[in-house]
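All of the numbers you see were taken from the coordinates with simple rules; none came from a lab. Bear in mind the structure is a predicted one, so any value in this text is a computation, not a measurement. Note that we place each Cβ from the backbone using ideal geometry, even for glycine, and neighbour counts take in every protein chain shown.
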Amino acid sequence: MSVNDFVEECRREWLRLRVPDRVANEMAADLKADLEEAEAEGASAEAVLGSEAFDPRSFAASWAAERGVVGPPPLAGVDRLHRRPRLLAGIGVSALVALIGVVLVSVHTGVSVAVSQARPAFRFPPSPLGVPQGSVVHSHAVFPTIGLLLLLLGVAGAILAFVYSAAAKKTSR
């Protein structure tokens, strides 16, 4: 990589980090002068910059942090460590909701409730609760419906947790 390419890559990183233009220009001029001086003396960029000569973005971020114009660069893997418990908690809660849904779907209690009413003194409305007189209401049909909704909610939550994790990994790179 040439001196100009390295300096331009650093400039792009400083722009991304929102280093003020004045400071970025000063840093670029200093860097270019040091690298050209080393090149004139027959030294390589690696002799001046060490291993960061192969990673201009890392070098630019470190130098900007040392100058105090941006925060320190995040340590590798630290963000991932903070994200992992949230991901596991999200998956755990989603799995629990889905499990409750499965249990409710599989419950067949067979509970029936007989509804009887006294005859109303008048005919309007004919059935105040919408249930004909003497009919039987099957309440066990409610559990599978709620269970199915919880199962779907749990599966959707787990999928969203994985999608969030994948998106966060992409943005942290």
Using the charge dipole of region 16-62 (Lys, Arg: +1 at Cβ; Asp, Glu: -1 at Cβ; taken about the Cα centre), state which of LEU49, LEU35, VAL19 has its Cα farthest towards the positive end.
VAL19
Excluding ALA24 itself, calculate the net charge of residues whose Cβ lies under 15 Å from the Cβ of ALA24, where each Lys or Arg counts +1 and each Asp or Glu counts -1.
+1
Dipole in debye (nearest 20) - region 3-67, about Cα centre, beta carbon charges: Lys, Arg +1; Asp, Glu -1
500 debye
